[in-house]
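What follows is a short report on a single structure.
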Amino acid sequence: MFGCLVAGRLVQTDAQQVTGDKFVFNLPDYENVNHVVVFMLGTVPFPAGMGGAVYFSFPDPVGGQVWQLLGFITNDKPSAIFKISQLKPGEGGEHPFGMMTVPQLASVAQVGVSIEPLEQLVQQTPVSGATVCAVDSFMQSQMTPNPSEMFIPASSILKWYENFQRRMAQNPNFWKT
């Protein structure tokens, strides 16, 4: 249902379901992670009127985890990038993971997703420092037409490559003529 990408190097799609509506990902080596991407896999949408609140928890060897709200994802916004390098252990507020024991190793942080009503999600305030990066505006600025650049459709490149492979298979020296 969900995936988690950690610092561009570790993709997890095997969230541990701790209750019917709560899931967690373990983040080893969290000290070296700046950003976390949480995304829907596209296989199962949220039920109508529901979304996923995204939380982060530092490891706490003493016990009593502290979860920090990062933001949320929905069917209309199926992914989000969160900066976790500015978060501080011990900060946090009310969260849905507080009433349960979520197994956590002493050196592993966790990202949790809690399925909640959309009207509740939009009223929650994420912890400061968990800025959500706006990918949409970046992508839009990258696709702005520039008169000095030409864009080639990927289908044209694929067709050229397939023809090239076919001709190489027929005559490996065709390009020398």
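Quick notes
- Cβ-Cβ under 7 Å pairs, at least 6 apart or on other chains, region 164-177 side open to solvent by 90 Å² or more (accessible area, probe 1.4 Å), far side in a helix (DSSP H, G or I) and of a type in the set (Phe, Trp, Tyr): Arg167/Phe174
- Top-ranked residue of region 112-133 - restricted to ones that are under 16 Å from His35 (Cβ atoms) and not hydroxyl-bearing (Ser, Thr, Tyr), ranked as modelled with the lowest pLDDT: Cys133
- Where strands (runs of 3 or more DSSP E) fall entirely within region 1-111, those with at least 2 residues that are at pLDDT 80 or above and buried (at least 20 other Cβ atoms within 10 Å of the Cβ) are at 22-28, 35-40, 50-57, 67-73, 79-83.
- Condition check for Gln142: modelled with pLDDT under 85, within 30 Å of the chain's Cα centre (by Cα) and open to solvent by 100 Å² or more (accessible area, probe 1.4 Å): yes
The values are calculated or read from the model by the stated rules, or taken from the named source; none is laboratory data. These numbers come from a predicted model, not from an experiment. Cβ coordinates were reconstructed from backbone atoms using ideal geometry, including for glycine residues, and neighbour counts include every protein chain displayed. Protein only, heavy atoms only, side chains kept; ligands, DNA and RNA dropped before computing areas. Shrake-Rupley method; radii C 1.70, N 1.55, O 1.52, S 1.80 Å.
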